[in-house]
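The values are calculated or read from the model by the stated rules, or taken from the named source; none is laboratory data. Please read all numbers here as calculations on a predicted model, not as lab measurements. Every residue, glycine as well, gets a Cβ built from its backbone with ideal geometry; the counts of neighbours run over all protein chains shown. SASA here: full protein model, heavy atoms, side chains in, ligands and nucleic acids out. Shrake-Rupley method; radii C 1.70, N 1.55, O 1.52, S 1.80 Å.
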There are 4 protein chains.
Amino acid sequence: MKQTSTQFKGIITYPITPYLPTGEIDLKTLNQLIEKLVSNGSHAIAPLGSTGESTYLNDEEWTDVAQASIKAVAKRLPVIVGVSDLTTANAIKRAKIAEKAGADAIMVLPVSYWKLSNNEIFNHYAKIADAVSLPIMVYNNPATSGIDMSPELIMQMFRAIDNITMVKESTGDIQRMHKIRVLADNQLPFYNGSNPLALEAFAAGASGWCTAAPNIIPQWPLKLYEAFQNNDLPLARDVFYKQLPLLEFILKGGLPTTIKAGLKLQGLNAGAPRLPLQPLDEAGSRKLETLLGDLKKLC
Amino acid sequence: MKQTSTQFKGIITYPITPYLPTGEIDLKTLNQLIEKLVSNGSHAIAPLGSTGESTYLNDEEWTDVAQASIKAVAKRLPVIVGVSDLTTANAIKRAKIAEKAGADAIMVLPVSYWKLSNNEIFNHYAKIADAVSLPIMVYNNPATSGIDMSPELIMQMFRAIDNITMVKESTGDIQRMHKIRVLADNQLPFYNGSNPLALEAFAAGASGWCTAAPNIIPQWPLKLYEAFQNNDLPLARDVFYKQLPLLEFILKGGLPTTIKAGLKLQGLNAGAPRLPLQPLDEAGSRKLETLLGDLKKLC
Amino acid sequence: MKQTSTQFKGIITYPITPYLPTGEIDLKTLNQLIEKLVSNGSHAIAPLGSTGESTYLNDEEWTDVAQASIKAVAKRLPVIVGVSDLTTANAIKRAKIAEKAGADAIMVLPVSYWKLSNNEIFNHYAKIADAVSLPIMVYNNPATSGIDMSPELIMQMFRAIDNITMVKESTGDIQRMHKIRVLADNQLPFYNGSNPLALEAFAAGASGWCTAAPNIIPQWPLKLYEAFQNNDLPLARDVFYKQLPLLEFILKGGLPTTIKAGLKLQGLNAGAPRLPLQPLDEAGSRKLETLLGDLKKLC
Amino acid sequence: MKQTSTQFKGIITYPITPYLPTGEIDLKTLNQLIEKLVSNGSHAIAPLGSTGESTYLNDEEWTDVAQASIKAVAKRLPVIVGVSDLTTANAIKRAKIAEKAGADAIMVLPVSYWKLSNNEIFNHYAKIADAVSLPIMVYNNPATSGIDMSPELIMQMFRAIDNITMVKESTGDIQRMHKIRVLADNQLPFYNGSNPLALEAFAAGASGWCTAAPNIIPQWPLKLYEAFQNNDLPLARDVFYKQLPLLEFILKGGLPTTIKAGLKLQGLNAGAPRLPLQPLDEAGSRKLETLLGDLKKLC
């Protein structure tokens, strides 16, 4: 039986990428944020994912964020770095930078302008996998990447490519997780990347929840995970429904946009997301403030 | 607070409608089947649903099945009768027949050839509700009816129409259940009508699972429900994944088609579904036989 | 080469089915309407289509409308009768009634509650075709029937079933027509059933346009067809864009609903469509009145 | 009335971007290709579109191709340069480079990883428009960009932003063109970007067809356009159906992939598209060779 990555489980948090008013990366705030995430109980840190605006950074900025994030975590938690890029060559370059900087794993989403055939997707992963010795999390998110990988394709890659050891499913369709579990005979750990599916994904056997929510409500995703650890479904259901309105809000508004707005409400100014993305508008911020306040009362 | 129907919970089973070789309704086999369902532990019986080929029967046949089913259950379990029809007038006629025959509730799906506006759907339900005093289960299943009712519309009807007291969601989208629960402040019982969603629907708080599966594997849906009653999620997950291949198979092949094939394999000849629906082909029957055999070994 | 039906081309009009205030079929108004359609230049009449509320009629009513419509046309134009029904048995019954009453062809849409496999669809058509000697128009309209027949399946039926000689495509996707034309090497006449596609369908080589529009604007579809007959594309484009707002309006509001409202505005009271379908509301009627007035000024 | 760009009409051709075996841009082959396109009758040249692999180039490469293409055309034809980029800042940078290099217009597709609100899209265009004085072609292609702009949004930008003067619609849905024409009262020139819609788009009044096809079959798109110029619809239909199999083939296989394969078959080696995109496989190349041969016989 293939060895899978057991170090990643529970709540895997995506930090946003903060900018200075000048538009440059704000490494000081990034450090503060990661310190907060680590001390608040996340089980792993995943910089440069969708929430981290990875695709909106140039190569130098990307490298800075990868290195700074890994350094800030300082081996206290496992770190998985998103290295997705439009070309295979650039994704490999990023994978090597992540490995050299000390990442524990990398996450790869097959972003592409032109749709990719299964064969093209397979080769993209195979080439990245060849270039590094890190475990790879396959990431499926057609809503952002435009490419939908079937459970069958994911299984084919899991079987054929040694360092593919995890899969993150973000379609929001629970049947994908069922299929992956059944096809892999429960040997391929799967992770949930759709916030409003957190309750059911854990019920279905997900190893972890990859989420940006802990940036602003660190305790709530933890409560959910712990309820499942204690086999307390009524409590899990209760804490899930309590945080659901906020989870839906941050997803619908775009994670970089809403998480940065939430951090600002909590006193951490991480700047606005990069144009064309705009900061959350005033009405949205008021709504978010209310949702955060509601959750605080329930703590 | 509005009074809701508490008598329906757990496993609500759809009997198929058996035919004689001549094509007429086979009431004797119907009696046998219902006897089997009652004695095997279903918590309620739901004749003339999708599985019961309701829309393929003429008026007289429909009445015969409704009356015979209610009589066969003989008050041992609650009975909910599907009264859906293309015209409001005919749905009302069927609702009255069900009420007179002693049904405990009726289920209404807004089938229509032309798409209906929210206003037309609302009035369809209101007129049926006016005609009887039975509790009504709103049934949303766009894959068969062609009409998708939003949680907001369902809530509006729940609030405005007294005897609407339950909702069955068959889109297979767990977010619909979340939305209904949140909008109704957990006061509107929701039921799952999508077999492969059974695990997650109960996790999300569904009151019951409306399913044709107990026709051929009566103990498995019960095991799932009981595991949830005992707050034993690992067991629930285990029994769900065991029955999932069969649940997916019967859904994909069309429920009247596959359930009748399964009954035949088990010695109960209920005939073929009505043309244009065809009986399960030989390869499908072999596959079904294997799936049933696999489950038997696991009992 | 298989002989196809050459008698159907140009503007093929769907009469609505009028009701008396009591809800019964209004045969007198039906006669008046058909007289108007014939004298206003339609090239063929197609009773009991989607617009004719075929699925909302009981068997006796359906027979009355079929017979009355054929009699009213009185061989002045070819008549194609919609015989679609949920069961194969009933569709055959209707096909025979249409044949006996003197129809020139029948139109068959595979309506079904449960999705049909290609094999089930094929056999449905084959059995109806066996029962009559009339030419059959295959009708694809997934938005109302819930079943989408691929060009490949349609071709397979055209090749294997003698009296299938025409196809009406109502998906609104022009690529379907391209595919049918290419697959059939231009030997299978195709008809457009999507009003807002009328210009492009004729450009792509459609033999006719099946439409309810001539009930209320008889001259406009004719103008479009005649412009194409005269190879005058600029004129075709001009008359198409002029009638397009009305074509979109009647489609969006549901054809029985909007056409009956239009007839009423023009002095012919055909009653409301059957519940759950409702008559056009006041605002809709005002809008329709304006659209009809705008077109009148352009005549 | 706003002044629109009248210089772009007819066949607007996308050159592919050739690479050397080392992976670098092959400017010599680019020159040859553009020379061929100009001399073969294209009405305008559109470098760095989807076909030009614009998103797969780094900034320096992009600049090289923009400058070289404009220089190669040498004012013999109007040039429209695709300046789309993930960030507004980079799109502006590219727009300025294109302007300085002598482009006649720019084309902008709102590519984004995160979905953009209408407000974010509007501002993206407004900021690019502010930065240059060139006419802008709004480009809608949700299949590649992940963002679908409604005709209403496009109209709003056309009305509010001075140098937006054209729109290219690539959804393949002819109703979008109808809507744009009606909303703009025929004052906003629209262009077709979906190859298999070429016949109908011209029928509906498109000003031009943006296509990669002339790279390998320069005369066929011209024949179609000329037939429409001569109001000869039967000829237009004939030449469209003749080239349709090839148009579908190049679209389905991905334009950079198939066009480069076609050029190679014709003796011009432009290299493979960039990984993860792969060159057309052997079976695909044989198929393409046959399609090209079939068309040659029909000339």
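Between copies, the label points of residue A:266, set 7 Å from Cα on the Cα→Cβ line, lie 5.2, 5.8, 6.5 nm apart, reported in increasing order to one decimal in nanometres.
Can you give the accessible area buried between chains D and A, summed over both chains, with a 1.4 Å probe, in Å² to the nearest 100? Show your work: numbers first, answer last.
Values: alone 13170 and 13190 Å², together 23620 Å².
Answer for the D-A pair: about 2700 Å² buried.
Keeping all protein chains in place, calculate the accessible area per residue for the range B:10-232 (probe 1.4 angstrom), answer in Å².
Ligands and nucleic acids excluded, the result is 31 Å² per residue.
Counted over the range D:256-299 with a bin width of 10 Å, the fraction of Cα pairs per bin, in whole percents, is 30, 52, 17, 2. Cross-link reach is defined here as a Cα-Cα straight distance under 18 Å, omitting same-chain residues fewer than 8 places apart; for residue C:223 the lysines meeting it are C:9, C:36, C:242, C:296, C:297. Rolling a 1.4 angstrom probe over the range A:10-231 with all protein chains present gives an accessible area of which 48% lies on carbon and sulfur atoms. For the range D:260-276, a decrease in accessible area of 10 Å² or greater in the assembled protein chains relative to the isolated chain, with a 1.4 Å probe, applies to D:275, D:276.
At the residue level, residue B:86 shows approximately 40 square angstrom of accessible surface with a 1.4 angstrom probe and all protein chains present.
Extent along the principal axes, Cα only, for the range D:149-213: 33, 21, 18 Å, with the longest axis given first. Highest GNM mean-square fluctuation among A:47, A:234, A:196, for chain A modelled with Cα contacts below 10 Å: A:234.
Tell me what chain B gives for mean residue ellipticity at 222 nm when only DSSP H runs of n ≥ 4 count, each as -39,500 (n - 2.57), the sum divided by the residue total, rounded to 500 deg cm²/dmol.
Values: 12 runs with 146 residues, N = 299.
About -15000 deg cm²/dmol.
What the Cβ-Cβ distance of residue B:76 and residue C:126 gives, at R0 = 45 Å and to the nearest 0.05, is a FRET efficiency of 0.50. Highest GNM mean-square fluctuation among C:259, C:12, C:97, for chain C modelled with Cα contacts below 10 Å: C:97.
For residue D:63, the shell of other residues with beta-carbons less than 14 Å away shows a net charge of -2, using +1 for Lys and Arg and -1 for Asp and Glu.
State the three equivalent ellipsoid semi-axes of the range C:10-232, derived from the C-alpha gyration tensor as the square roots of 5 times its eigenvalues, in descending order and whole Å.
Working: eigenvalues 124, 106, 43 Å².
Semi-axes from the Cα gyration tensor: 25, 23, 15 Å.
In nanometres and ascending order, the distances from the residue C:35 label point to those of the other copies are 6.4, 7.7, 9.2 (point 7 Å from Cα along Cα→Cβ).
Considering only A:247, A:20, A:280, the Gaussian network model of chain A with Cα springs below 10 Å gives its largest mean-square fluctuation to A:20. Pairs exceeding 27 Å between alpha-carbon atoms, taken from A:168/A:260; A:264/D:96; B:168/D:179: A:264/D:96; B:168/D:179. Taken over the protein assembly as shown, the convex hull of the Cα atoms encloses 175 Å³ per residue.
Using the beta-carbon distance between residue B:231 and residue A:297 and R0 = 41 Å, what value does 1/(1 + (r/R0)^6) give for FRET efficiency, to the nearest 0.05? Don't skip to the end; give the middle numbers.
Numbers: r = 27 Å, r/R0 = 0.66.
Between residue B:231 and residue A:297 the formula returns 0.90.
Over what distance in Å are the Cα centres of the range B:242-298 and the range A:22-80 separated? The two parts, judged by their Cα centres, are 52 Å apart. Plainly put, the tip 7 Å out from Cα toward Cβ on residue C:130 is 4.7, 5.8, 7.3 nm from that tip on each other copy, the closest given first. Using C-alpha pairs below 8 Å separated by at least 6 residues, the relative contact order for chain B is 18 percent.
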